[in-house]
Structure formats: structure tokens, C-alpha cells
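Take a look at the structure set out below.
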Amino acid sequence: MVEITPEIQEQLDEQKKNCIFCKIISGEQESKQVYQDKFILGALDINPAVKGHVLLMPKEHYPIMPYIPPETFKQMFGQIAPLINAVKKAMMTTGANVFIANGGIAGQQSPHFLIHLLARENGDGLNHFSFDKKQHIEEQKTKEANELIAHNLPLMLRNHFTRNPAKWHTEKNLTIAKHLQEINKQKQIVYADEKAIVSVAQTPQATGHLIVYSQEEEKYFENLNNESAAHLFYVASYCATAVFEGLGAHGTNIILKTGESGDNKDGKLEIHILPRYEEDGLDLLWKPMEPKPNLDDIQSKIKDETFLVEYAMKEEEKPRVVDLDKDIQIITEKKTKKTEEKEENKTDNKEDEISEAIKQLKSE
Ligand SMILES: [Zn+2]
């Protein structure tokens, strides 16, 4: 994460004044809103690439991904799974894309960080994300780049887990999922943990082109829980930082493909990290759909589905009502269980601390 110095803050404040997306969020500028929670607002892109093209914007003004603080990151990217589900259902499509541009060279057009969510299906006219054409890239340079990434990426993720410990991350008996064995055979994996692996792309579109795969799900991103969804994007974000810092890329694209579409025939779940360089010849930007679809109609269809996502989010945000008697009962039950298990380590017993605290509260 980038540290925000007073100088940077001053620049950001200046950007915000003229930022159309900040105005959409404040309500000063009209939009076709389809979703809102504490951290993000979703509105239809007014020049959609396909039917069902949603822009997810953080409510705070962050210019690029590395500026997003961890808690916001987790919430934002975790929500992408239920939102893909909602948009696919609303538009009745087989697939979806998430498209992120970091930097002008990658196609970022506004200084407000945005996530494009696209509902995808066969014959929808978009054909930009096959990534199967052989590109002319320097072999030696690419080999060195991959070695550097294979060295740096695991270190970055180790730091990440030190700062954000996860119960599921033990680094013991790590295996590669069955559906990833073909990737495993190619021996180009540069990082692996319990939920994600990263491999060098087989048909790299640029030096340092990486792909993140889920260890839990072969095809459908929306089947992942929010924690797994957010973790895949964490890994993708570190990949982007690794190629940006290590390879001197000028920008990056992060493109998630999930479910069947013309440019994702087998429907596999992949997150591509594409380092971007001046005049790299890559054309990832779409033309707006012609004729423009009926946005009001699309808005109401999507809102019918995102309504439930919003509702679930609000339920989660509600403060829990503490029932002292009930809580003490639960704690006591847990304690008895622990005694039965002959729990020896008593120095770090959270339940004891809590029950002590509650006892004190009650006696006051
Ligand atoms: Zn803004």
C-alpha cells in the first residue's frame, strides 16, 4: 500500500474537486445507480461495452489500486463475487469479466480508481480477452523477468500474511488442486498458497504476463466466498505491484475471466495481470455498444438482483446486540469443553479474558 503523505493528500484533494466520480458519489452528478454499500457505489457505464456493464467505484477517491487501504480492499473485492452473480442473473449471461486499468497507458481514463464489471456471453461482440495470439516478446528478457517475479512475489505475500494472518494459511502440506494439474505440469508456477496459485502465461502478451488461478474453483468466481474472492484480488494486486516495481512496467491491466464467452471458450476462471509498456501494441479497449441498449431497462433488471446483495451487506454491518446472560452461557460452555480437552495453554485464553470482563461489568 502507498503511504499517503501530506503532499500526496494535497494532490488528491485537488483531483477530487474536478472528479466526476466523486460527484456521482456525492449525488451532485446524476448516474444510473445499481448498487451501494459502505465502501462502493455501482452505476451503469453510460457507454457500455456490452449489455450489463457496471462501474464499481470506491466511495473514497483513490487514483490507483495500491492506494486502497486493506479494510476497504477486502470489503470491495470480496463483494465482487456476489455482484458478478447478481449481474449475470439479471442479464442472464453465462460469463463475466472484471476489468481494471492502473495507469493511463493501461486505459485508465479518470483519476478515480474504477472496477468494470461486464456480463458476458457468446456473440456479445466483445472479443478482446482471448490472450491466445502469439506476441513478439524478447525471450531472454522475459526469462529474467519471470525469475525476478518468482523471487519477489512469495516475499510480498509472506509480508501480507504477516500483516493479515489468515486461519486457513498454514503453509503446511500445500497441494495443487486437481483442476490445476495441467498448469502445474508446465512448471511455470511462481507462487502458490491454499487459495491461489500464480503462473506465467503460456502465451504471454507482454513480458511479465501472469495468471492467477483459484485453488477452490475451476470456473465460476461467484461460487467463492467473499474472503476467497478478496484473496484472489490481493494476489493479483501484488502481481501488479511486482511487475510495476520489478520490471518497470508503466501500468497494468488486471482482467478476470469467468464462465463462457466468445473469448473464454472453456469458461475457466483466470485473473490475468498484464504489464503495460509504451507502444506495446496491445489493444484491450472496447468500443461502446452500437446501438446503445436501453439503460433504464438494464438498470431496473440489475437492481432487482443487487437488492439482495445490498440487504445482506446491511445485515452484516448492523451492530450485534449483546445479551450478557446468553454470552456468558456460551463462554462457560466453551470453557467446560476446553477443560475436558485438557487445554494446557492458559496464558492466551480469550474466553477467560472476556468472561472476566463481563463479570466485572455485571458487578459494577
Ligand atoms: Zn474521485
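The values are calculated or read from the model by the stated rules, or taken from the named source; none is laboratory data. The model shown is predicted, which means the values in this text are computed figures rather than measured ones. All Cβ positions, glycine included, derive from the backbone under ideal geometry; neighbour counts span all protein chains shown. To get the accessible areas, we keep the full protein, side chains included, count just its heavy atoms, and leave off ligands, DNA and RNA. Shrake-Rupley method; radii C 1.70, N 1.55, O 1.52, S 1.80 Å.
Full extension of the chain between E245 and H151 gives 32.5 nm of extra length, using 0.36 nm per residue less the Cα-Cα distance. The overall shape of the stretch 108-170, judged from the alpha-carbon gyration tensor, is oblate: a/c is not under 1.5, and a/b is no greater than b/c.
The angle between the Cα long axis of helix 226-246 and the main principal axis of the chain comes to about 50°, on a 0 to 90 degree scale. Computed over every Cα-Cα pair of the stretch 1-318 and binned at 10 Å starting from 0, the pair-distance distribution P(r) comes out as 6, 27, 37, 24, 6, 0 percent. For the pair N184 and Q109 in one chain, pulling the backbone fully straight at 0.36 nm per residue adds 23.3 nm over the alpha carbon distance.
Residues in the stretch 92-123, backbone N under 20 Å from the label point at Q29 (7 Å along the Cα-to-beta-carbon vector): list them, ranges by number please. Zone members listed by number: 99-118. Relative contact order of the chain: 21 percent, from C-alpha pairs under 8 Å at least 6 residues apart in sequence.
In this calculation the C-beta distance from T175 to N294 is compared with R0 = 41 Å, giving a FRET efficiency of 0.25. By how many degrees, 0 to 90 and rounded to 10, does the Cα axis of helix 139-163 deviate from the longest principal axis of the chain? Between helix and principal axis, roughly 20 degrees. Probing with 1.4 Å while keeping every protein chain in the model, the per residue accessible area of the chain equals 55 Å².
Dipole size of the chain about its Cα centre, with +1 on Lys/Arg Cβ and -1 on Asp/Glu Cβ: approximately 540 debye, rounded to the nearest 20.
Taking Cβ separations below 4.7 Å as the criterion for a possible disulfide partner, the isolated cysteines in the chain are C239. Checking the cross-link pairs K89/K265; K88/K219; K133/K301 against a 24 Å limit on the alpha carbon distance flags K133/K301 as lying beyond it.
The charge dipole of the stretch 160-310, taken about its Cα centre with unit charges on the Cβ atoms of Lys, Arg (+1), Asp and Glu (-1) only, comes to about 480 debye. Expressed as an acute angle from 0 to 90° and rounded to the nearest 10, what is the orientation of the C-alpha long axis of helix 324-340 relative to the principal long axis of the chain? Computed tilt is about 80 degrees. Computed from the C-beta positions of I46 and F161, the FRET efficiency with R₀ = 45 Å rounds to 0.65. Classify the stretch 169-263 from the C-alpha gyration tensor, please: rounded if a/c falls under 1.5, else prolate or oblate depending on whether a/b exceeds b/c. Since a/c stays below 1.5, the shape of the stretch 169-263 is classed as rounded.
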